[in-house]
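Only one structure is covered here, and it is reproduced in the block below.
The values are calculated or read from the model by the stated rules, or taken from the named source; none is laboratory data. A quick note: this is a predicted structure, and the numbers were derived from the prediction, not measured. FYI the Cβ positions are ideal-geometry reconstructions off the backbone, even for glycines, and counts take in every protein chain you see. With ligands, DNA and RNA removed, areas are computed over all heavy atoms of the protein, side chains included. Shrake-Rupley method; radii C 1.70, N 1.55, O 1.52, S 1.80 Å.
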Amino acid sequence: MRPARITVVISGRGSNLVALIDAVNAGKIAGVITQVISNRPGAQGLVHAAKAGIATRVVDHTKFASREAFEAALAAAIDDGRPDLVVLAGFMRVLGADFVRHYEGRMLNIHPSLLPAYPGLDTHRRALADGAKRHGCSVHFVTPTVDGGPIVAQAEVPVLPGDDESTLAARVLEAEHRLLPDIVGRYCAGRLVLDHGNVRIIDTRTAADRS
Ligand code: GAR
(Lines give C-alpha, C1' and ligand atoms only; values in the text may rest on other atoms or scores of the structure.)
Protein backbone atom coordinates (compact mmCIF):
# COMPACT_ATOMS: atom_id res chain seq x y z
CA MET A 1 0.00 0.00 0.00
CA ARG A 2 1.48 3.33 -1.00
CA PRO A 3 1.63 6.11 1.63
CA ALA A 4 -1.56 8.12 1.92
CA ARG A 5 -1.48 11.62 0.48
CA ILE A 6 -2.61 14.06 3.15
CA THR A 7 -3.67 17.69 2.78
CA VAL A 8 -3.86 19.66 6.04
CA VAL A 9 -6.05 22.76 6.16
CA ILE A 10 -5.41 25.33 8.89
CA SER A 11 -6.25 28.87 9.96
CA GLY A 12 -3.69 29.74 12.61
CA ARG A 13 -1.07 28.52 15.06
CA GLY A 14 -0.69 25.03 13.60
CA SER A 15 0.27 23.08 16.72
CA ASN A 16 -1.88 20.15 15.61
CA LEU A 17 -0.17 20.35 12.22
CA VAL A 18 3.20 20.09 13.99
CA ALA A 19 1.96 17.03 15.90
CA LEU A 20 1.04 15.46 12.55
CA ILE A 21 4.38 16.34 10.98
CA ASP A 22 6.20 14.83 13.97
CA ALA A 23 4.14 11.64 13.77
CA VAL A 24 4.81 11.28 10.03
CA ASN A 25 8.53 11.82 10.61
CA ALA A 26 8.51 9.26 13.43
CA GLY A 27 6.96 6.69 11.08
CA LYS A 28 3.71 6.58 13.06
CA ILE A 29 1.58 7.62 10.08
CA ALA A 30 1.84 5.74 6.78
CA GLY A 31 1.34 8.94 4.88
CA VAL A 32 2.91 12.04 3.47
CA ILE A 33 1.65 15.57 4.05
CA THR A 34 1.84 16.85 0.51
CA GLN A 35 0.53 20.34 1.19
CA VAL A 36 -0.74 22.68 3.89
CA ILE A 37 -3.43 25.19 2.98
CA SER A 38 -4.42 28.18 5.09
CA ASN A 39 -7.25 30.65 4.66
CA ARG A 40 -5.16 33.19 6.57
CA PRO A 41 -1.93 34.46 5.00
CA GLY A 42 -0.33 35.15 8.40
CA ALA A 43 -1.00 31.74 9.91
CA GLN A 44 1.93 30.56 12.01
CA GLY A 45 1.27 27.02 10.83
CA LEU A 46 2.46 28.00 7.35
CA VAL A 47 5.88 28.74 8.83
CA HIS A 48 5.97 25.32 10.50
CA ALA A 49 5.02 23.65 7.23
CA ALA A 50 7.65 25.52 5.22
CA LYS A 51 10.32 24.62 7.81
CA ALA A 52 9.35 20.97 7.37
CA GLY A 53 9.72 21.31 3.59
CA ILE A 54 5.99 20.96 2.91
CA ALA A 55 4.34 22.94 0.10
CA THR A 56 2.08 25.72 1.38
CA ARG A 57 -0.78 27.59 -0.21
CA VAL A 58 -3.03 30.39 0.91
CA VAL A 59 -6.66 30.66 -0.14
CA ASP A 60 -7.60 33.90 1.59
CA HIS A 61 -11.34 33.96 2.23
CA THR A 62 -11.34 37.77 2.44
CA LYS A 63 -10.43 37.95 -1.26
CA PHE A 64 -13.63 36.26 -2.45
CA ALA A 65 -17.01 37.84 -3.02
CA SER A 66 -18.99 34.87 -1.72
CA ARG A 67 -18.56 31.76 0.37
CA GLU A 68 -19.24 29.67 -2.74
CA ALA A 69 -16.38 31.34 -4.63
CA PHE A 70 -14.02 30.86 -1.68
CA GLU A 71 -14.98 27.21 -1.36
CA ALA A 72 -14.54 26.59 -5.09
CA ALA A 73 -10.99 27.96 -4.86
CA LEU A 74 -10.30 26.00 -1.67
CA ALA A 75 -11.57 22.77 -3.24
CA ALA A 76 -9.43 23.36 -6.34
CA ALA A 77 -6.37 23.85 -4.14
CA ILE A 78 -7.13 20.75 -2.07
CA ASP A 79 -7.85 18.58 -5.11
CA ASP A 80 -4.64 19.69 -6.71
CA GLY A 81 -2.87 17.67 -4.00
CA ARG A 82 -4.89 14.53 -4.94
CA PRO A 83 -5.43 13.76 -1.26
CA ASP A 84 -6.52 10.44 0.16
CA LEU A 85 -7.28 12.34 3.36
CA VAL A 86 -7.99 15.98 4.20
CA VAL A 87 -7.41 17.02 7.80
CA LEU A 88 -8.96 20.20 9.17
CA ALA A 89 -6.49 21.06 11.94
CA GLY A 90 -7.64 24.32 13.45
CA PHE A 91 -9.54 25.47 10.36
CA MET A 92 -11.97 28.11 11.54
CA ARG A 93 -14.45 28.60 8.66
CA VAL A 94 -17.84 26.96 8.35
CA LEU A 95 -18.03 24.93 5.13
CA GLY A 96 -21.05 24.54 2.88
CA ALA A 97 -22.87 21.27 2.21
CA ASP A 98 -21.71 20.79 -1.40
CA PHE A 99 -18.08 21.34 -0.45
CA VAL A 100 -18.29 18.92 2.45
CA ARG A 101 -20.08 16.20 0.44
CA HIS A 102 -17.25 16.22 -2.09
CA TYR A 103 -14.93 14.99 0.70
CA GLU A 104 -17.33 12.61 2.40
CA GLY A 105 -15.47 9.88 4.24
CA ARG A 106 -12.07 11.41 3.63
CA MET A 107 -12.16 14.62 5.66
CA LEU A 108 -11.46 14.66 9.41
CA ASN A 109 -11.76 17.57 11.85
CA ILE A 110 -10.39 18.03 15.35
CA HIS A 111 -12.67 19.94 17.69
CA PRO A 112 -11.83 21.13 21.21
CA SER A 113 -14.74 19.63 23.14
CA LEU A 114 -16.39 16.33 23.91
CA LEU A 115 -18.96 16.56 21.11
CA PRO A 116 -21.93 16.78 21.01
CA ALA A 117 -21.18 19.16 23.90
CA TYR A 118 -20.03 22.61 22.81
CA PRO A 119 -19.98 22.68 19.04
CA GLY A 120 -18.80 25.99 17.58
CA LEU A 121 -16.55 28.54 19.25
CA ASP A 122 -15.33 29.36 22.79
CA THR A 123 -15.62 25.77 23.94
CA HIS A 124 -13.31 26.14 26.96
CA ARG A 125 -15.06 29.26 28.22
CA ARG A 126 -18.45 27.60 27.88
CA ALA A 127 -17.31 24.43 29.67
CA LEU A 128 -15.97 26.52 32.56
CA ALA A 129 -19.13 28.65 32.72
CA ASP A 130 -21.21 25.48 32.98
CA GLY A 131 -19.07 24.11 35.81
CA ALA A 132 -18.27 21.05 33.68
CA LYS A 133 -16.11 18.48 35.48
CA ARG A 134 -14.80 16.91 32.30
CA HIS A 135 -13.84 18.34 28.94
CA GLY A 136 -11.68 17.25 26.03
CA CYS A 137 -11.50 16.94 22.28
CA SER A 138 -13.08 14.98 19.46
CA VAL A 139 -12.03 13.84 16.02
CA HIS A 140 -14.94 13.41 13.63
CA PHE A 141 -15.67 12.95 9.96
CA VAL A 142 -16.88 16.20 8.46
CA THR A 143 -20.50 16.37 7.31
CA PRO A 144 -22.68 19.35 6.46
CA THR A 145 -23.79 19.73 10.12
CA VAL A 146 -21.20 21.97 11.81
CA ASP A 147 -19.18 19.87 14.29
CA GLY A 148 -21.92 17.26 13.95
CA GLY A 149 -20.32 14.53 11.82
CA PRO A 150 -19.76 10.95 13.01
CA ILE A 151 -17.35 10.93 15.94
CA VAL A 152 -14.28 8.73 15.47
CA ALA A 153 -12.66 9.13 18.89
CA GLN A 154 -12.46 11.44 21.88
CA ALA A 155 -9.91 12.22 24.57
CA GLU A 156 -11.13 13.38 27.94
CA VAL A 157 -9.37 15.66 30.41
CA PRO A 158 -10.50 16.78 33.87
CA VAL A 159 -11.54 20.35 34.59
CA LEU A 160 -9.52 21.19 37.70
CA PRO A 161 -10.30 23.64 40.49
CA GLY A 162 -8.70 26.99 39.64
CA ASP A 163 -8.69 26.36 35.89
CA ASP A 164 -9.10 29.34 33.65
CA GLU A 165 -9.63 29.33 29.92
CA SER A 166 -5.92 29.16 29.13
CA THR A 167 -4.99 26.35 31.56
CA LEU A 168 -7.94 24.30 30.38
CA ALA A 169 -7.19 25.01 26.70
CA ALA A 170 -3.57 23.92 27.22
CA ARG A 171 -4.66 20.63 28.83
CA VAL A 172 -7.09 19.93 25.99
CA LEU A 173 -4.48 20.85 23.38
CA GLU A 174 -2.04 18.26 24.77
CA ALA A 175 -4.78 15.68 24.38
CA GLU A 176 -5.43 16.88 20.81
CA HIS A 177 -1.78 16.38 19.93
CA ARG A 178 -2.04 12.71 20.90
CA LEU A 179 -5.50 12.00 19.53
CA LEU A 180 -5.24 13.53 16.06
CA PRO A 181 -2.04 11.76 14.94
CA ASP A 182 -3.37 8.49 16.33
CA ILE A 183 -6.58 8.73 14.30
CA VAL A 184 -4.85 9.96 11.15
CA GLY A 185 -2.46 7.02 11.53
CA ARG A 186 -5.37 4.59 11.69
CA TYR A 187 -7.00 6.16 8.64
CA CYS A 188 -3.81 5.99 6.62
CA ALA A 189 -3.31 2.35 7.61
CA GLY A 190 -6.75 1.57 6.16
CA ARG A 191 -8.08 0.81 9.63
CA LEU A 192 -10.66 3.59 9.81
CA VAL A 193 -13.47 4.09 7.32
CA LEU A 194 -16.81 5.81 7.12
CA ASP A 195 -19.23 3.12 6.01
CA HIS A 196 -22.69 4.43 5.08
CA GLY A 197 -22.35 7.15 7.69
CA ASN A 198 -21.02 4.83 10.39
CA VAL A 199 -17.48 4.90 11.71
CA ARG A 200 -15.75 1.55 11.39
CA ILE A 201 -12.39 0.89 13.01
CA ILE A 202 -10.84 -2.29 11.72
CA ASP A 203 -7.86 -4.33 12.74
CA THR A 204 -6.72 -5.49 9.33
CA ARG A 205 -6.32 -3.75 6.03
CA THR A 206 -9.41 -3.46 3.90
CA ALA A 207 -10.67 -2.83 0.46
CA ALA A 208 -9.73 0.78 1.05
CA ASP A 209 -6.35 -0.41 -0.19
CA ARG A 210 -4.44 2.20 -2.17
CA SER A 211 -2.47 0.31 -4.77
C1 GAR B 1 -7.36 23.54 18.28
O2 GAR B 1 -7.71 23.60 19.65
C3 GAR B 1 -8.48 22.92 17.48
O4 GAR B 1 -9.14 21.89 18.14
C5 GAR B 1 -9.40 24.11 17.29
O6 GAR B 1 -8.55 25.18 17.05
C7 GAR B 1 -7.30 24.95 17.70
C8 GAR B 1 -6.20 25.07 16.66
O9 GAR B 1 -4.94 25.01 17.26
N10 GAR B 1 -10.31 23.88 16.22
C11 GAR B 1 -11.53 24.38 16.20
O12 GAR B 1 -12.00 25.07 17.09
C13 GAR B 1 -12.32 24.02 14.96
N14 GAR B 1 -13.68 24.44 15.09
P15 GAR B 1 -3.65 24.78 16.37
O16 GAR B 1 -3.74 25.76 15.21
O17 GAR B 1 -2.51 25.10 17.29
O18 GAR B 1 -3.67 23.36 15.90
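One table, with the values for the structure above:
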| quantity | calculated |
| --- | --- |
| Value of D in µm² per second that Stokes-Einstein yields for region 22-124, Kirkwood Rh from Cα pairs, at 25 °C (0.890 mPa s) | 163 µm²/s |
| Span-like helix ranges in the chain, DSSP H, alpha carbon extent 18 angstrom or more, Kyte mean at least 0.0 | 67-80, 165-188 |
| Qualifying aspartates and glutamates (Cα of each under 19 Å from Cα of Lys28; at least 8 residues distant if same chain) | Asp84, Glu174, Glu176, Asp182, Asp203, Asp209 |
| Label point at Thr145 placed 7 Å out along Cα→Cβ; residues across region 99-118 whose backbone nitrogen lies under 11 Å | 116 |
| At R0 = 30 Å, FRET efficiency that the Cβ-Cβ distance of Ala117 and Glu68 yields, to 0.05 | 0.45 |
| Charged-residue dipole, Cβ positions (Lys, Arg, Asp, Glu), region 15-91 about Cα centre, Debye nearest 20 | 200 debye |
| Net dipole in debye of the chain [+1 Lys, Arg Cβ; -1 Asp, Glu Cβ; about Cα centre; nearest 20] | 420 debye |
| Heavy-atom accessible area per residue - region 1-142, 1.4 Å, Å² | 45 Å² |
| Accessible area of the chain belonging to carbon and sulfur atoms, whole % at 1.4 Å probe | 52 percent |
| Residues of region 135-168 with amide N under 20 Å of a point placed 7 Å along Cα→Cβ from Glu174 | 135-139, 154-168 |
| Rh by Kirkwood over Cα pairs, then Stokes-Einstein D for region 127-190 at 0.890 mPa s and 25 °C, µm²/s | 190 µm²/s |
| Two-site FRET efficiency, Ala50 against Asp79, from Cβ-Cβ distance with R₀ of 22 Å, rounded to 0.05 | 0.50 |
| Cα-based convex hull volume of the chain per residue, rounded to whole Å³ | 123 Å³ |
| Segments 12-19, 192-199, 38-45 sorted - mean Cβ within 10 Å per residue, highest first | 12-19, 38-45, 192-199 |
